[in-house]
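Below is one structure, written out as structure tokens; comments come after it.
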Amino acid sequence: MNKEIKTGLVFGIMIVIGLAVLGTIFVSLDESDSINQNMGINLFLKLDESEFKKAPNLVGIEHYLNTTPEELTKEIEKSVVLYDIWTYSCINCIRTLPYITSWDEKYSDQGLLIVGIHSPEFEFEKNPENVKIAIEKYNINYPVVLDNDMKTWKAFENNYWPRKYIADHEGNIRYDHIGEGGYQETEKIIQQLLDERANAFGVKTSPIISLVSIEEFEHTLFRTPELYFGYKFAQNRNQLGSQEGFQPSRTVTYTEPTNIELNKFYPIGNWKNHEDGMELTTLNGSIKLSFNAKEVNIVTENNAQLEIFLDGVPLTEKYSGTDIVSGNQLIVSDPGMYNIINSDTSISHIMEIQIKGKGFQAFTFTFG
């Protein structure tokens, strides 16, 4: 056998051995991946509860709507619970409600319990009759508890409206979302936790793959921020454009402004300054505002008739909000939020609200 043949055989044997070794390595890697995947599944099924916080008890509740304390305590036990911290005059909270009520309808018979924790921003929101009107308006059939002293709010260590916490059937908080949005992600978590509950209790559930489909409100990128009429609420915010400024607990005669700045409001007439809002002390008064947004809302209390003008011209149907009842008029009755402007795109205008109604109170403008 010549030298070339010997060399070829040696190289051939080395290649065969190399391929065998590589094959063994790849088989080992595949087996290792399979073991790791199985371990991952086992770890998912055997959750370490120490990783999660327990949902706190509902404390300091003054009123129970759509439920009783005894019924609610019993329902929370072994349910997947979505705790929705909200308040009924908050536009961000209101925009989430169609999703939450849809989830209640879709999953309540599979072990989901929704609890609305109503933690008020303004004094009038503490009145259970006002909250009852709101839950009827928004078709809320799940339990709502009135957290008027914000004790449950504090127990959750919360600082935002709205906020959703979801606890599994053992009471572990498994999801936390602040503000609007994240609806598909939230619903997928609901489905996952309901599956876990069903597996734990040996319960059969109907497979649900599709998610609730509702057109989500699209905010404008640059819009006027929320404007507060109350001197306490407006602390550290330069939002009142009137030269008279805030004067705590006093009735102030606000004069017609000579110049109107963007993102500031100007009351005109006699207004009493309260911590959370301003109150018109005569029959007639007005408010002027320069804004940039596609939606304008006002939170008010006490009966009044409002006429809306944009750049000195009566509001037209093109920009009329959902609460404009006739022409450019808005009738305020129940305390809460009213939609004044509703546009498909962002607009910039000077808005004037002419008010007829002594005792009318304004709390905040919100924008979208």
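Since every read-out is calculated from the coordinates, none of them should be taken as a lab result. A quick note: this is a predicted structure, and the numbers were derived from the prediction, not measured. Note: ideal-geometry Cβ built from the backbone for every residue, glycine included; neighbour counts use all protein chains shown.
Radius of gyration (Cα atoms) of the chain, expressed as a multiple of 2.2 N^0.38 Å: 1.43. Report the Stokes-Einstein translational diffusion coefficient (µm² s⁻¹, integer) for the range 227-367, Rh taken as the Kirkwood radius over Cα pairs, at 10 °C with viscosity 1.306 mPa s. Taking Rh from Cα pairs, D becomes 107 µm²/s.
Mean-square fluctuations from a GNM of the chain, with a 10 angstrom spring cutoff on Cα atoms, peak among ARG197, ARG237, ARG163 at ARG237.
Modelled spin labels at ASN159 and LEU283, positioned 7 Å past Cα toward Cβ, are 4.8 nm from each other.
Taking square-rooted eigenvalues a ≥ b ≥ c of the alpha carbon gyration tensor, is the range 63-201 rounded, prolate or oblate, where a/c under 1.5 means rounded and, failing that, a/b exceeding b/c means prolate? Please list the in-between numbers first.
On the way: a/c = 1.63, a/b = 1.47, b/c = 1.11.
Here the range 63-201 falls in the prolate category.
Given N residues in the range 124-246, what is Rg(Cα) / (2.2 N^0.38 Å)?
On the way: Rg = 19.8 Å, N = 123, 2.2 N^0.38 = 13.7 Å.
Relative to the rule-of-thumb radius for its length, the range 124-246 sits at 1.44.
Taking other C-beta atoms within 10 angstrom as a stand-in for reagent exposure, HIS177, HIS118 fall in the order HIS177, HIS118, fewest first.
What residues of the range 300-330 lie in the reach of a label at ASN259, counting those whose backbone N is under 17 Å from a point 7 Å from the Cα along Cα→Cβ? From the range 300-330, the list is empty.
Counting only alpha carbon atoms, the long axis of helix 3-45 and the longest principal axis of the chain meet at about 40°. Assuming R0 = 30 Å, what is the FRET efficiency of GLU275 and TYR138, from their Cβ-Cβ distance, to the nearest 0.05? E between GLU275 and TYR138, to the nearest 0.05, is 0.65. So how tilted is helix 128-137 from the main axis of the chain? Cα-based, degrees 0 to 90, rounded to 10. Tilt relative to the chain: about 60 degrees.
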